[in-house]
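The structure under discussion appears below in the form of structure tokens.
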Amino acid sequence: MESAIVIENLNRSFGKEEILHGISHEFETGKIHGIVGNNGSGKTVMMKCICGFLRPDDGRILVRDKEVGKDMDFPEDMGLIIETPGFLPGVSGLKNLKILASLRRIADEKKIRETMERVGLDPDLKKNVNKYSLGMRQRLGIAQAIMEDPSILILDEPFNGLDKNGVAQIRNLIKDLRREGRTIILASHNQADIDELCDTVCEMDDGNMWRK
């Protein structure tokens, strides 16, 4: 099976503190890969390395056979939500996504509106993002991640702030994205999310990762 992402002997420290210890793993194309672990286990740091936001001290990461930080600074065909999504507070959700989409000109307004509806947001809502609830911001972050139809998605705690109905809706969305052939790396503190969604599961603890 083809691997969308290959991690080889990944090490990362901040000062004298080692965060990732020689992680090696392959994430197969077209599957949902769950990552579980407590806060501080290294999940988010590993995801940031995959996205190119952090550079490894040692080792390398290949995305679609191209090395992050060498063949490219950031993988282009990748959508992500890592930590709290940052948006311009004084404009609407639609306006925020239109500004982001203008950078690469892949998603037009029709696509943005369809994506907002897909995550359960009304694109015609005039309310500025600073008036959004936490759950609405999270939905907007997911819309931002998927609006350009990336083949790879990095979703770090995508269910944060969502109520029961929101969780069910986004779970169904993630299943649909897998059916469309996307490769998804998903971190969640909720074991039920992992059990329902994931084809493979890895556990992280103290900067080490292993397949469950």
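What percent does the relative contact order of the chain come to when contacts are Cα pairs within less than 8 Å and at least six residues apart? Relative CO of the chain lands at 30 percent.
In terms of its alpha-carbon gyration tensor, the stretch 16-85 comes out rounded; the largest-to-smallest axis ratio a/c stays below the 1.5 threshold. Averaging over all projection directions, the Cα-based convex hull of the chain occupies 11.6 nm² in the image plane.
Rounded to 0.05, the FRET efficiency of the residue 95 and residue 134 pair, given R0 = 22 Å and the Cβ-Cβ distance, is 0.65. Springs between alpha-carbon atoms under 10 Å, Gaussian network over the chain: tell me which of 43, 131, 110 tops the mean-square fluctuations. Answer for the Gaussian network model of the chain: 110. Evaluated on the stretch 62-175, the Kirkwood hydrodynamic radius is 14.7 Å, with distances taken between all distinct Cα atoms.
Below 20 Å, Cα to Cα, which aspartates and glutamates can residue 131 reach? Residues fewer than 8 away in the same chain don't count. List returned: 83, 117, 122, 163.
For the stretch 160-212, a/c is not less than 1.5, where a ≥ b ≥ c are the root eigenvalues of the C-alpha gyration tensor, and a/b does not top b/c. That puts it in the oblate class. Per residue, the chain exposes 49 Å² of accessible surface when a 1.4 Å probe is rolled over the protein heavy atoms with every protein chain present. One Cα centroid belongs to the stretch 121-183, the other to the stretch 53-109; the line between them spans 15 Å.
The share of accessible area on the chain that comes from carbon and sulfur is 45 percent, using a 1.4 angstrom probe.
Only helices enter the 222 nm calculation for the chain: every DSSP H run of n ≥ 4 contributes -39,500 (n - 2.57), and dividing by all residues gives -9000 deg cm²/dmol, rounded to 500.
Listed by chain and number, the lysines whose alpha-carbon sits under 28 Å from that of residue 16, ignoring those within fewer than 8 places in the same chain, are 43, 48, 70.
The values are calculated or read from the model by the stated rules, or taken from the named source; none is laboratory data. In this text the structure is predicted, and so the values were computed from the model without any measurement. Glycine gets a Cβ as well: all are built from the backbone with ideal geometry, and neighbour counts include every protein chain shown. Quick note on the areas: whole protein, heavy atoms, side chains included, nothing else; ligands and nucleic acids left out. Shrake-Rupley method; radii C 1.70, N 1.55, O 1.52, S 1.80 Å.
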